[in-house]
Amino acid sequence: MGRYKRDVTLSKLRSAITNGSQLLAGCDHRSSRMRRLRDLIGAHLADLGGRDLVSEAEFCLVRRAALLTLELELLESRFEENDGAKAAELECYQRVASSLRRLLESLGLKRRARDVTPPNPLDYARDYARRKAEEAAA
């Protein structure tokens, strides 16, 4: 009976979370919550330019931001089921939401100014008349 050499690769030496085969230890990765968590992580990574452009520290923040988002969604569904929330539940929700905002700001969340001034009615009427004239000529 001879010995045989086992294939030892870097991925086998690292933990399942480190090599990317699991997101969280000790849970069923086929559940709807885990699928939602993967979707959130993917969306945040896409916002940051993809996994290859994100440092390991940023990826840790992305995972935590996704998990906090998932927990906030769970709390929101509980509020809906119970026709509202108690004061302690609202305080918990507020704390988690604030933590999520700070994490997202660390990842580069930016407030974008929007132009909310109404259009000039005369400009709108001119554009409308021009488009109708172009449609009639075509």
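Bear in mind that the values in this text are calculations on the coordinates, not laboratory data. Given the structure is predicted, the values throughout are model-derived calculations rather than measurements. FYI the Cβ positions are ideal-geometry reconstructions off the backbone, even for glycines, and counts take in every protein chain you see.
Things worth noting here:
- Computed FRET value (nearest 0.05) for Leu122 with Asp47, which takes r as the C-beta separation and R₀ as 41 Å: 0.55
- Extension gain from Glu71 to Glu89, taking 0.36 nm per residue of separation minus the Cα-Cα distance: 5.3 nm
- A simple packing score, the average count of other Cβ atoms within 10 Å per residue, orders the peptides 65-73, 99-107 as 65-73, 99-107, with the highest score first.
- Taking the stretch 19-107 and dividing mean pair separation by its residue count, relative contact order in percent (alpha carbons under 8 Å, at least six apart): 27 percent
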